[in-house]
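Input: a single structure, listed below in structure tokens.
The values are calculated or read from the model by the stated rules, or taken from the named source; none is laboratory data. From a predicted model like this one, the values you see are computed outputs, not experimental measurements. Note: ideal-geometry Cβ built from the backbone for every residue, glycine included; neighbour counts use all protein chains shown. Ligands, DNA and RNA are stripped out before the accessible areas are found, and what is left, the full protein with its side chains, is counted by its heavy atoms. Shrake-Rupley method; radii C 1.70, N 1.55, O 1.52, S 1.80 Å.
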Amino acid sequence: MAACLKSWGEPAFRVSQVLGWLYGHWVADWDAMTNLPQPLREKLQAEFSLQAPELARKQGSRDRTQKFLWRLNDRSLIESVLIPASPALYGEASDRHTLCVSTQVGCAYGCKFCASGLAGWKRNLRADEIVGQVIAVERWHQGEMRRVKAEGRAEENSHLALPTSRLINNLVIMGMGEPLANYDHLVKALRILNAPWGGGIGARKITVSTSGLAPQIRRLADEPLPVRLAVSLHGATDETRNRIMPVNRKHPLRELIAACEYYRRKKGRMITVEYVLIAGVNDGRDAAKALAALARRLRAKVNLIPCNKVEGLPWEHPDEKIQEQFLAALERQKVVATLRREKGHDIDAACGQLRLKTERELGGNPC
Ligand code: SF4
């Protein structure tokens, strides 16, 4: 952008003017940049698109989790989920809004409990399509604020009334797709979202999740961005992981844990271990013991997530009593762990579910 404006003979300050409009006001139209001369706006209009993903469908749950289904230029569908403040979710008590974004259309990794993997992989998202999810949600929020104000309902919608122009201050890269399988676009998008001139989201407020791509974990550890790492473990033995996560056959636990240790050493950050509790698969006493040993070795925090029911898949979450017992077993082993009461139960919360449902309703092939 800077090089382009310079080549047009524009003064250097135009760059920050444009970026201020893009990432401070989230404008969707070059014409809205009223402090730019009209001929420049026309030139920019001809040269650059401000298009963000188009909203195809939205579901809002009773706990105010919002799920967005976006349609991309090639009509592919992807999801993002906006999750309101929760001290237990990837950050400190000051969390306000976390956005979970997708990095691929579909997913090639085929974890057995996951709706995104059910329909296979179509393509990687480009960096602008990853950043575009944040921009689109911020624009949606601005529209909501305007609507609420116009209808005079600001009080009952106080959760929308935020003091700044930015809604999202936490980002989790955990939506549809395996983020580290789309490494270059992911890192480019993270740089933009982290930059003070861009999304302005602190690197420590960004969590990248992976199903276990050990070589890319090491590569991410060598990047200067100090983002958090979450590993979707879901099984603490090769036997269990092989059963539910095909990625483990390529990068078995020994390799994965070594890569996580490397990440922790390089970044000096606590890793989060994600563990979906599936009845009869990974919820027994031995599983808790094996998980505790790995978590202690990694000095990781464990997030237990009762498995969501996905249409077409046989898995169920264990009874609440078993969930509590599993948590207690970890705590007895001095592991920091939380049992997440999944937000968004009533909105097909597991990643890929809304997309799958919509594709089925439209009668198309998800990929
Ligand atoms: S859990 Fe993640 S890596 Fe596994 S299939 Fe689903 S989207 Fe892909």
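Which of the residues that make up the stretch 187-210 are of a type in the set (A, V, I, L, M, F, W, C) and within 16 Å of the ligand (Cβ to nearest atom)?
VAL208
Quick one: ASN242 ticks every box in (1) open to solvent by less than 50 Å² (accessible area, probe 1.4 Å); (2) within 19 Å of LEU180 (Cβ to Cβ); (3) free of Cβ contacts under 8 Å to residues at least 24 places away in the same chain bar one, so which box is it?
(2)
Please state which of the following conditions ALA258 fails to meet, knowing it meets all the rest: (1) out of contact with any helix residue (DSSP H, G or I) (no Cβ under 8 Å at 6 or more places or on another chain); (2) open to solvent by less than 40 Å² (accessible area, probe 1.4 Å).
Result: ALA258 fails condition (1) only.
All but one of (1) within 16 Å of the ligand (Cβ to nearest atom); (2) open to solvent by 50 Å² or more (accessible area, probe 1.4 Å); (3) not aromatic (Phe, Trp, Tyr) hold for ALA230; which doesn't?
For ALA230, the failing item is (2).
So, in the stretch 32-85, how many residues would count as being open to solvent by less than 70 Å² (accessible area, probe 1.4 Å) and in a strand (DSSP E or B)?
Summing the residues that are open to solvent by less than 70 Å² (accessible area, probe 1.4 Å) and in a strand (DSSP E or B) in the stretch 32-85 gives 18.
Out of everything in the stretch 117-151 that is among the basic types (Lys, Arg) and away from the ligand (no atom under 13 Å from the Cβ), what residue ends up being farthest from ARG241 (Cα to Cα)?
Looking at the filtered set, the residue picked out is LYS149.
From (1) away from the ligand (no atom under 16 Å from the Cβ); (2) open to solvent by less than 30 Å² (accessible area, probe 1.4 Å), pick out the condition that doesn't hold for VAL247.
Only one criterion is unmet by VAL247, namely (1).
Within the stretch 7-22, does at least one residue satisfy the condition of being in contact with a strand residue (DSSP E or B) (Cβ under 6 Å, 6 or more places away or on another chain), of a type outside the set (Val, Ile, Thr) and either part of a strand (DSSP E or B) or open to solvent by less than 70 Å² (accessible area, probe 1.4 Å) (or both)?
Among the residues of the stretch 7-22, not one is in contact with a strand residue (DSSP E or B) (Cβ under 6 Å, 6 or more places away or on another chain), of a type outside the set (Val, Ile, Thr) and either part of a strand (DSSP E or B) or open to solvent by less than 70 Å² (accessible area, probe 1.4 Å) (or both), which makes the answer no.
I need a count of the residues in the stretch 195-222 that are open to solvent by less than 30 Å² (accessible area, probe 1.4 Å) and in a helix (DSSP H, G or I).
Summing the residues that are open to solvent by less than 30 Å² (accessible area, probe 1.4 Å) and in a helix (DSSP H, G or I) in the stretch 195-222 gives 5.
Please count how many residues of the stretch 97-116 are open to solvent by less than 20 Å² (accessible area, probe 1.4 Å) and either away from the ligand (no atom under 14 Å from the Cβ) or not in a loop (DSSP other than H, G, I, E, B) (or both).
Of the residues in that region, 9 qualify.
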